[in-house]
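Structure, as structure tokens:
The values are calculated or read from the model by the stated rules, or taken from the named source; none is laboratory data. The structure presented is a predicted model; accordingly, all values stated were derived computationally and were not measured. For neighbour counting, all protein chains shown are included, and Cβ atoms are generated from backbone atoms with ideal geometry for every residue, glycine included.
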Amino acid sequence: MSQKLGNEQLENSDFFPFAGALMPGKITYSYGGNISIEISQTMTELVDATPNVLAAPPNATIQKMCTTFRRPMGVSMPQPKQGPLDSHYEVLVRGFVGEEGKVRQAVVQESERPELNEEALIVAQKWVFTPAMCDGKPYATDVALTLHFQGR
């Protein structure tokens, strides 16, 4: 089976039966004729499985699933001070917006100019959000923040 949309192509082949359905043994994704990912999968029958084979391990953390979710919304997101040069750099920061709407545990994920990283973290931690909401209650969630350094 092959599906193509623009330059993207997804191919499923080498099918095998499993629980009354045919499952692809090989999945290939390519873009512009170049293979980006290739997956081979098989199924093995469990013969000596315990009754709780699908139960979470004892040390697993089960996260609550929200039935309604709203992402955090920016209230105040100052950018770094502009410089005199004709340049533009971005620093991508990852962190969490807590239930109170403040950025916590911020770290630089990607930066074109490492000397701007510390300033990016200081500025990002000044940002204020209305917190994410899970089922109508404030909820801490991870965020990706882009800080723009103009003229630096």
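Worth pointing out:
- Residue in the range 21-29 that is under 27 Å from residue 142 (Cβ atoms) and without any contact (Cβ under 8 Å) to a residue 24 or more places away in the chain present: yes
- Every residue from the range 74-91 that is farther than 14 Å from residue 127 by Cα and either surrounded by 10 or more Cβ atoms within 10 Å (Cβ to Cβ) or among the aliphatic types (A, V, I, L, M) (or both): 81, 82, 83, 85, 87, 88, 89, 90, 91
- Residues in the range 75-111 that are polar (S, T, N, Q) and free of Cβ contacts under 8 Å to residues at least 12 places away in the same chain: 105 alone.
- Residue within the range 93-100 that is of a type in the set (Val, Ile, Thr) and touching a Lys or Arg at 6+ places or on another chain (Cβ under 7 Å) present: no
- If you go through the range 109-139 and keep only what is surrounded by 15 or more Cβ atoms within 10 Å (Cβ to Cβ) and over 18 Å from residue 81 (Cβ atoms), you end up with 128, 129, 131, 132, 133, 134, 138, 139.
- Where strands (runs of 3 or more DSSP E) sit wholly within the range 60-127, those with at least 2 residues that are more than 19 Å from the chain's Cα centre (by Cα) occupy 73-76, 88-97.
- Counted residues, the range 32-73 - those being loosely packed, with under 10 Cβ neighbours inside 10 Å and not aliphatic (A, V, I, L, M): 18
- Only one entry of 122, 62, 35 meets the criterion of being assigned by TED's automatic domain parsing to the domain that holds residue 8 and not aromatic (Phe, Trp, Tyr), and that entry is 35.
- Number of the condition not met by residue 14 [criteria: (1) modelled with pLDDT under 90; (2) at positive phi]: (1)
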